[in-house]
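Notes to accompany the following structure.
Nothing in this text is a laboratory measurement; each read-out follows from the coordinates by a stated rule. Bear in mind that the values here come from a model prediction, so they are computed numbers and not experimental data. Quick reminder, even Gly has a Cβ in these numbers, built from the backbone with ideal geometry, and neighbours come from all protein chains shown.
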Amino acid sequence: MRLPIAGQQDWSADPHGMAYDNPQFWDGAHLESELHRVFEICNGCRLCFNLCPSFDVLFRRIDELDPHREEAEGKHIEGGKIIEEHEAAELLKHVTVSTENPVNLLHDEDKHRVVELCYECKLCFPKCPYVPPHEFAVDFPKLMLRAKLIGAKEEGIAPRERFLGATDLVGSVMTRVAPLANAAAHNAFNRMLMDRTIGIAKDRQLPAYAEETFATWWSRRAPVAGGETPVALFATCYVNYNDPTIGKAAVDVLEKAGCEVEYPEQVCCGMPKMDGGDLEGARKLARRNVETLLPAVRAGGKIVTPGPSCTLMLRTEYPELVPGPEGREVADAVMDLSDFVLQQARAKKLPKPPAGAVGKVAYHVACHNRVQNFGYRGRDLLKWAGGDVTLVDRCCGMDGTWGMKSEFFADSLKVAEGAARRVESAEPEVVSSDCPLAGLQLKQKTGRTSYHPVRILSAAYGGEPLRSPRKGT
Ligand code: SF4
Ligand code: SF4
């Protein structure tokens, strides 16, 4: 099947040039004016002042450069000294007041810093009152992504971004030599080399590779038929190459909930490529997935996926990356795994696990779950299963591969401090997050292993036990 390619379109409905296929999207001068326009709106608003390092730098630099800052703060400075109000009033009679907009004073390096510090958590989007269709049409995360994509187009995609974006290639090689690859990830000399050559932080705990991929496990599993609800599992690269126990738990729980599970051929969702500036690479993967997932959707099934970032990518980016009805059809059928299982549970299709089997849980809600606005389903699922759940609703600062990069590693750990404190103060027996990379960050900060809610549920039914239950380490 051939999917349609974006053709000539009327772009008058996209005056700010924010659609990937709008030629204006790639125009550097237009991007500059757009950054200026949006930074001015944000400066007037400042609702996101404490969300992330990107806004912190933006507002701090504007304040540092603002010629009227001291006046606005009620201070009057003359010759470096704060002076009295009546003296200031006298002086101001002889002064020409500059009306320079402080956003005009931002240097290129300031703007570059704001862009590179955005780790695409997307939390500012649902918070913003000016997102489209508001006439201001502010889409801050996409504007930051646009700047990165234009940068990559002009300067080329950096080797590190190519490496981090090649999840299927790297995963299939590493799983073949998993014991060696995992030992190398703990070797100090090797990590120093990785830090200096490709810029992966030497102290970042990396995910281990599995000796058997989820795909291999699935291929040798005897088919189970008879479920009344068809679902197709989009397992994600992390589950396939790093932690197949999440995929096995998903299959276990879905089958207990009366589902007939299918695992169609699939490739990476494309988010790591897009984050690294390779839009065309991401689009190729999206086209491939739309082709292979569409038959399951047309057969009436949902596509369920255990990775919040991958779910977000499939649901929100695929309609634009794969224009036409097919991309939209697949996107509309995608559901977060915890959300889907909870629906089945509430429809009484899933038996409750034995009382006390889940225990005391600190559940971290991933940013990419929050922005999808379907509620805190992982938490609710664990509560439904009898867990005593404390919500940890702070960004963990990992955000895909951003927190792995040498230059952002320290910032990433700093962002995670609030989340780690909340985990510790909950004194949990088990830590949980739908996002495995957030789990990795929480492990780095607290020493406690984190599990997907469905993995905890499967263990509560008597499935594969958690590696260190009750101690959290
Ligand atoms: S997407 Fe996240 S990191 Fe980027 S600007 Fe918004 S809140 Fe900050
Ligand atoms: S992104 Fe929206 S909510 Fe956040 S500071 Fe800018 S205008 Fe305000």
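In the chain, helical runs assigned H by DSSP with n ≥ 4 each contribute -39500 (n - 2.57); averaged across all residues and rounded to the nearest 500, the mean residue ellipticity at 222 nm is -13500 deg cm²/dmol. For Thr390, the residues whose amide H sits under 5 Å from its own are Val361, Ala362, Tyr363, ignoring neighbours fewer than 5 places away on the same chain, with H placed 1.01 Å from N.
Of the residues Phe340, Leu314, Pro244, the one whose Cα sits farthest towards the positive end of the charge dipole of segment 214-344 is Pro244 (charges of +1 on Lys and Arg Cβ, -1 on Asp and Glu Cβ, taken about the Cα centre). When each of Met274, Met174 is scored by the number of other beta-carbon atoms lying within 10 Å, the sequence from fewest to most is Met174, Met274.
Karplus-based coupling profile of segment 184-198, in residue order and whole Hz: 4, 5, 9, 8, 4, 5, 4, 5, 5, 4, 4, 4, 6, 8, 10, with θ = phi - 60° in 6.51 cos²θ - 1.76 cosθ + 1.60 and x standing for Gly or Pro. Amide H to amide H, with H built 1.01 Å from N, Phe136 comes under 5 Å of no residue 5 or more places away or on another chain.
For the chain, the longest principal axis of the C-alpha atoms and the axis of helix 337-346 are separated by about 60°.
Under 5 Å from the amide H of Glu262 lie the amide H atoms of Val231, Ala232, Leu233, each residue being 5 or more positions distant or on a separate chain, with H modelled from the backbone and absent for Pro and chain starts.
The dipole here belongs to segment 163-218: it is taken about the Cα centre, uses +1 on the Cβ of Lys and Arg and -1 on the Cβ of Asp and Glu, and is about 220 debye. Take each peptide in 406-418, 364-376, count the other Cβ atoms within 10 Å of every residue, and average; sorted highest first, the result is 364-376, 406-418. The charge dipole of the chain, taken about its Cα centre with unit charges on the Cβ atoms of Lys, Arg (+1), Asp and Glu (-1) only, comes to about 2420 debye.
Can you tell me the 0 to 90 degree angle between the C-alpha axis of helix 279-298 and the longest principal axis of the chain, rounded to 10? Computed tilt is about 40 degrees.
Rounded to the nearest 10 degrees, the angle from helix 167-176 to the longest Cα principal axis of the chain is 50 degrees. Rounded to the nearest whole Hz, the Karplus-based 3J(HN,Hα) values (6.51 cos²θ - 1.76 cosθ + 1.60, θ = phi - 60°) of segment 138-146 follow the sequence 8, 10, 4, x, 6, 5, 5, 5, 4, with x at glycine and proline. Take 125-134, 300-309 and order them by the average number of nearby Cβ atoms within 10 Å per residue, most first; the result is 300-309, 125-134.
Less than 15 Å Cβ to Cβ from Met194, Lys/Arg counted +1 and Asp/Glu -1: what total charge do the surrounding residues give? Net charge in that neighbourhood comes out at +3.
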